[in-house]
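Following: one structure in structure tokens, then a few remarks.
Just so it is clear, none of the values below were taken in a lab; they were calculated from the coordinates. Since the structure is predicted, the reported quantities are computational estimates derived from the model, not experimental observations. With ideal geometry, Cβ positions are generated from the backbone for all residues, glycine too; neighbour counts draw on all protein chains shown.
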Amino acid sequence: MADKLKLVAEVKLVVPTEVHTLPLATMVRCNQAADWLSRKIWKLQSFDRFAVQHAFYYELRERFGLSAQHACLTIGKVAASYKRERTLHRFRSWGSIAFDARTYTLRLLDDGATVSLTLLDGRTTFALAMDDRTRTMLAGKRGEADLCYRRGKWFLQVSVTVLEAHEYVPAGWLGVDVGIANLAVDSDGAVYGETVRAVRVRNRRLRSVLQHRWTKSAKRHLKKLSGREHRFSAHTNHCISKAVVKKAQGTGRGIALEDLSGIRGRVTASRGLRREIGSWAFYDLDQKTLYKAKLAGTPVRFVDPRYTSQQCPACGLVDRANRPSQAVFRCTGCGETGHADHVSARNISVRAAVNQRIVAPIRARNRPRKGQTGIPTRGSCKLLSEGCGAFFRKPQPQAGCLLK
Ligand SMILES: [Zn+2]
């Protein structure tokens, strides 16, 4: 039985101008109700959904003229928001509102698709605009949906459950290094998202200028800029992850990525560099790659990221001097040279393969205590590229290596 994956499919509603106020009125009313309810339960400090429903259901319906289902969904939404964080929650008038199986019906027809929504004045049907991929997603099991209003357009975000594809046995690993200079480089040497950095740097400069000015118009520009950068980044990450998964799948390989969770606290980098490493975009790229891989049946492995940029993929030497500059790798031991990010990607690919096949020989003093992982951090073996996956600082072959 394949695992299930929860995804969100976004479709655009075709809303004629003359009925534009229908969904808007419902949205504003539901959010006003949510905001009112939020203040009430914050005052009472009572956050249990059923207690809230018991106390406020009738008043909510009467005060805001909501249908039974809208009232329940509003209560559910407010109660759920307090599960995450206990501060007073405000609800903007134009925030998204929830629909469930009783308040929305989505129909996929031969020529297009429609959705009927229960609004304040009853059911209204809208046409939907979507591409084939979204259509395939929506054909699966559908859950709740959120109606969103963005920049004059209406969208329905439908949560769908799809089955993961059966994972194939990989013939090798495509290592992907997510970097600073280039957004991603794989172990075949392909570079993804080259233009991203220029855009990010340009935006940051612009932002800094605007922040110093701090006028009303500057604030407006900043907001616009942040939205634009976010969308650009999300789009780029979609393109990169799609290309990576397609390549891995096409060549029957798995995908190897660095396990960057917790890297923020560990990495030694300049302030500017840290900002980029810690940025949302890196995490987002991993997440997008992961779910696309699951849909394609491509295995994904996360490897220890330590020294991937300083280690020589040919002889295994780890040395900071192997990196004479940000872009160049030159091994001080064997002379192997290459593009720095490409070298990192090769190391990542190797580590994924190594961690799977061979258990690293562990010297007595590096032997992990109970509860630790079995990967020694340094000092055991030099033959990483073919051998045991252990890290070390000096190129000394160790007695315990499987390949010696
Ligand atoms: Zn070397």
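Key figures for this structure:
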{"item": "Packing-based order for 310-316, 37-43, using average beta carbon neighbours within 10 Å, highest first", "result": "310-316, 37-43"}
{"item": "Angstrom value of the Kirkwood radius, inverse mean 1/r, which spans all Cα pairs in region 152-251", "result": "16.8"}
{"item": "When region 1-163 is reduced to its Cα atoms, the Kirkwood hydrodynamic radius in Å", "result": "16.7"}
{"item": "Cα-based Rg / Dmax (Å) for region 89-161", "result": "12.7, 43"}
{"item": "Added length on full extension, which subtracts the Cα-Cα distance from 0.36 nm per residue, ALA314 to ALA68", "result": "81.8 nm"}
{"item": "Gain in span if fully extended, TYR283 to LEU109, counting 0.36 nm per residue against the direct Cα distance", "result": "58.9 nm"}
{"item": "Cα convex hull volume per residue for region 13-64 (Å³)", "result": "87"}
{"item": "R0 of 22 Å, Cβ-Cβ distance SER81-LEU44: FRET efficiency to nearest 0.05", "result": "0.90"}
{"item": "Label point distance in nm, THR161-HIS212, each placed 7 Å from Cα along Cα→Cβ", "result": "5.5"}
{"item": "Under-5 Å amide H pairs with PHE91, H placed in peptide plane, nonlocal only", "result": "ASP35"}
{"item": "Fewest-first ranking of ASP121, ASP341, ASP35, using other Cβ atoms within 10 Å as the exposure measure", "result": "ASP121, ASP35, ASP341"}
{"item": "Largest to smallest principal axis extent of the C-alpha atoms in region 289-343, angstrom", "result": "42, 19, 16"}
{"item": "Listed pairs LYS141/LYS242; LYS153/LYS216; LYS40/LYS216; LYS4/LYS40 exceeding 30 Å between Cα atoms", "result": "LYS40/LYS216; LYS4/LYS40"}
{"item": "Fewest-first sequence of CYS72, CYS30, CYS334 by Cβ atoms within 10 Å of each Cβ", "result": "CYS334, CYS72, CYS30"}
{"item": "Two-site FRET efficiency, ASP188 against VAL19, from Cβ-Cβ distance with R₀ of 45 Å, rounded to 0.05", "result": "0.30"}
